Amino acid sequence: MKKMTGNEIRKTWLDFFKDKSHKVEESASLIPNNDPTLLWMNSGVAALKKYFDGRVVPKNPRIVNIQKCLRTNDIENVGNTARHHTFFEMMGNFSIGDYFRDKAIDFAYEILIDEKYFDFPLDKLYFTYYPTDIETYNKWLEKGIKKSHLIASENNFWEIGTGPCGPCTEVFFDRGEEFGDYTTETIKKDIENDRYVELWNIVLSQFNAIEGKSREEYPELPSKNIDTGAGLERFASILQNAKTNFETDLFMPMINKFSEITNIKYTGQKSFKIVADHIRTITMALNDGAMISNEGRGYVIRRLLRRAVKYGKQLGINHPFLTDLVTVVIKLMKDFYPGLEEKEKIIKKIIKSEEIKFLETLTSGEQKFNELIKKSKNKIITGKDAFVLYDTYGFPLELTEEYAEEFGYKVDIAGFNKEMLKQKQRARNARNDESSLASQNQDYLDFVEKSVFVGYDRLDEVAQVIKIFTEGIVLDKTPFYATSGGQVSDKGYIYNDDIKLTVYDVIKLPNGQFLHSVKESIPKDLEGQTVRASVDEENRSFTEYHHSATHLLFKALRDELGAHVTQQGSSVSSEGLRFDFNHYENITDKQILAIEKSVNQMINDTYKTNTMILSVDEAKKKGAIAEFGEKYTEKVRTVDLKYTLDLCGGTHVKNIQDIERFAIKSVYSIGSGIFRIEALANDLAKNLVNELSGINDDIQNLLNKVDNILEAAKKQNINLEFNSEDNYKPIGSYKDVLHKREQLKKLQTNVKNLEKLYNKKKEEKSLKSVRDFSNETYGNNIIAKLENINGSVLKHLADEQIEKLENGFVFLASIINGKIIFVAKSNNNKLDAGKIVREAAKICGGAGGGRKDFAQAGGKDITKLPEALKYVKELVL
């Protein structure tokens, strides 16, 4: 058995399968592209879903990769076991409809056993198979594997929901009795142990799982596939004869550095393993664009970072130290993952900022603990309080116990664990790490007739209908762009003398043809006929304005916010553009306006768009930027917009000046350090600019209202002021739209508050000015007529007077604006305010009423008021 470094294992894996005609696929980002079912890329096959479910047929059906993966379902196991990690690298070889069981096992045997490759001793290897999968059993026998080393297991069937599934065969390595007194029964029963280590799982994806059917009833897949996964870290532990994965060259450099920082010798401590694992995960995740936050991916990174700091603090480190380990991680990984060095500075900045913040949080946690000590009556820190210290302040439970012991207190551990279980359940409910692959469409897979896209050069084309599917039609050549790369499809018409079809969507079939979905029913005899395909020119033009503007926006974001900004998704259509990107802190209005200004300055330039077909390597050497999550063929379309050179298969303006104008509509966070910009171009941007004119009008109307309120207050000798630091002078430039919207919103609130204050002061003044009620007091009753007092003030007066009376009644009537307002209050059980007010209002041609203790009403005929007051007096007195 050879001793190999981590890099040698990677190289051996990739070179072997490359020699077997596999295409080497670069690792996808840890952040899944357009896959809401995944929080993180968590397996080798996750990046290749589109091939396995038949949406896309790869140019080469044989693929090999080493995929970066991140799993968080068992963080607590890291450091406790020999092989649990949050970040790991999954080596895989894949066949999409090419070789199957026999060839897969041939390859596996050769790379494992041959001395040119890993040279594992055959007698140390054990192989599992699904009990009914006799073909796999016989194939391993054919390769010379002893029957005693072949183990049937019911666990050997890979299935996640509906879609592709099948039996699998796993490879285990026996590390010997020194790793535990276990037998091969542990393999059969899938019992975790350190002796028999699973190295490799080979999935034979040959069935289509259907809900409600048993496995025996699953139909065969039209295209059988091979999906394998071999853990790099596990290979390294075996080939380097390491006690655990952590004593390999993949982790020891970080462990040694941590030992140097703590001045403590490493002897297998759990804390060293946790810190080494977590800093590797944090570094790789931040490199791929993840950001620290309180939700989603950002929360995962924050949790890992806090856990690492916690263990550092327990070993006496009271200052930021993780950035020293980042240097080691990058040095270790940079050769296989180019680009890490470029982001080292920003990764360290993000980590150090969070580390400092958390150290401050720990101090706050100590203060919180002291508060809990003071409020505790039975010398017990409740589980809920202990969990708050843990979850809110990042306070380790062990530290809580230590502090409690100093004060003679205990911690309710069971209560804490109960709260922790609740959190885990919430996390499980929120997480959907894996989903079933979509079912394959046999008709699509079998359709191989060639179709050509001509839409880069023209929007109108005479074509032949070469295939009709239930979902739409395929032409031998088409000017219609199909949805891909964030750009939505074209719209338009397909027609001839006999029929006109409205195209509303276009998608790519697995073999690259364009399927046109239409609103109308498709005649069966249309296949083979000649038609004209015509793209909606205006719709395409506005889509191109937005697409090219998106590229310029990305350039402006990198210039303004930093080179760490990466695309996290986008969508461009005729209606606007949406661009998602990562950033580690909130974006200011000043930065947003600067970004918008930068894009418009680029647009003002005259530059003819230049497209080239280059190899991926040539394009990258020229500095071309790849679209987020896209996989490229050997030759790629490169778009030169002067200020940015990008790999892009979409359609663009002929000259960047055609965009004419760009305006940002909104900027907001969509979580986990990911921000979204929505923007418009050309006439749609101009319309947004015109909105500014309306905003300015609204602002001026509000300012006029302020003047009217202040003037009215002055006439009534009411002291009222309106102060604002804002400059409300209308400015016509588009760049002020965001600022003006905010000004309008703020002004609306301020004017509303001014009105409230004015009305309040006016009421207070009215209350003070009302004359004495002594002439209208009849024992414990007040019946009075007032002038120009509104309902609110009248109610205050009634409240004020009734409080002075014992077993009394107050009836007030005010004439204001030619109408009468009645208010009555009663604390006399014999006098019903509701009935009395209602009868008084009727006399004056009005209506109203209320409760026995309070009522109000209105009257229309002021000439009848004396009669109403007389009625009330007679009734009350």
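The values are calculated or read from the model by the stated rules, or taken from the named source; none is laboratory data. Computed from a prediction, not measured in an experiment: that's the story for all the values here. Here the Cβ positions follow ideal geometry from the backbone for every residue, glycine too, while neighbour counts run over all protein chains shown. With ligands, DNA and RNA removed, areas are computed over all heavy atoms of the protein, side chains included. Shrake-Rupley method; radii C 1.70, N 1.55, O 1.52, S 1.80 Å.
Annotations
- Estimated FRET transfer efficiency (D799, N704; beta-carbon r; R0 41 Å; 0.05): 0.70
- One chain, two ends: S364 and E405. Fully extended at 0.36 nm per residue, the span grows by 12.8 nm beyond their Cα-Cα distance.
- Reach of K508 by Cα under 15 Å, taken over aspartates and glutamates that are not fewer than 8 positions away in the same chain: D53, D443, D446, E449, E471, D476, D490, E630
- Extension gain from E216 to S521, taking 0.36 nm per residue of separation minus the Cα-Cα distance: 105.9 nm
- Note on surface exposure: E537, E575 rank E575, E537 by accessible area, highest first, 1.4 Å probe.
- Summary of the geometry: region 797-852 and region 680-722, compared by the centres of their Cα atoms, lie 41 Å apart.
- Gap separating the Cα centres of region 63-103 and region 590-625, nearest whole Å: 37 Å
- Links that overshoot a 32 Å alpha carbon limit, given the list K139/K467; K756/K873; K3/K310; K313/K384: K139/K467; K756/K873; K3/K310
- Charging the Cβ of each Asp and Glu at -1 and of each Lys and Arg at +1, and nothing else, the dipole of the chain about its Cα centre rounds to 3160 debye.
- Between the helical axis of 737-769 and the longest alpha-carbon principal axis of the chain there is an angle of about 30 degrees.
- Here each label is just a point 7 Å from Cα along the line to Cβ, and for T186 and V454 those points are 6.7 nm apart.
- Nearest-0.05 FRET efficiency for K760 and K345, computed from C-beta distance (R0 51 Å): 0.35
- Here region 1-143 is treated with +1 on each Lys and Arg Cβ and -1 on each Asp and Glu Cβ, and its dipole about the Cα centre works out to around 360 debye.
- Heavy-atom accessible surface of the chain: percent carbon and sulfur, 1.4 Å: 45 percent
- Gain in span if fully extended, T382 to E260, counting 0.36 nm per residue against the direct Cα distance: 40.1 nm
- Residue (of I674, I816, G44) at the positive-pole extreme of the chain, dipole from beta-carbon charges: I816
- Using a probe of 1.4 Å on the protein chains alone, the accessible area found for D457 is around 130 Å².
- Ranked order, K11, K590, K2, K68 - accessible area, probe 1.4 Å, largest first: K590, K11, K2, K68
- Residue-normalised convex hull volume from the C-alpha trace of the chain: 271 Å³ per residue.
- With respect to the chain, whose longest principal axis is taken over its alpha-carbon atoms, helix 6-19 is tilted by about 70°.
- Radius 14 Å from Cβ of F118, net charge of other residues (Lys, Arg +1; Asp, Glu -1): +1
- In percent, rounded to a whole number, the relative contact order of the chain is 8, using alpha-carbon pairs under 8 Å and six or more apart.
- Heavy atoms of M612: accessible area, 1.4 Å probe, square angstrom to 10: 50 Å²
- Heavy-atom SASA rank of S148, S153 (probe 1.4 Å, accessible area, largest first): S148, S153
- Summarising the label geometry, the points placed 7 Å from Cα in the beta-carbon direction at K819 and N60 lie 8.4 nm from one another.
- Region 457-510-region 526-548 distance, computed between alpha-carbon centres (Å): 8 Å
- Counted by Cβ distance under 12 Å from N245, the other residues give a net charge of -1, where Lys and Arg count +1 and Asp and Glu count -1.
- Helix 682-715 and the longest principal axis of the C-alpha atoms of the chain enclose an angle of approximately 30°.
- Förster radius 51 Å - calculated FRET efficiency between E585 and K835, Cβ distance, rounded to 0.05: 0.20
- Restraint check, K124/K243; K590/K745; K715/K785; K224/K524, Cα-Cα greater than 28 Å: K224/K524
- Measuring with a 1.4 angstrom probe and ignoring ligands and nucleic acids, S521 comes out at about 100 Å² accessible.
- Rounded to whole Hz, the Karplus (6.51, -1.76, 1.60) HN-Hα couplings of region 115-129, x for glycine and proline: 5, 6, 10, 8, 6, 6, x, 4, 6, 9, 9, 10, 10, 9, 8
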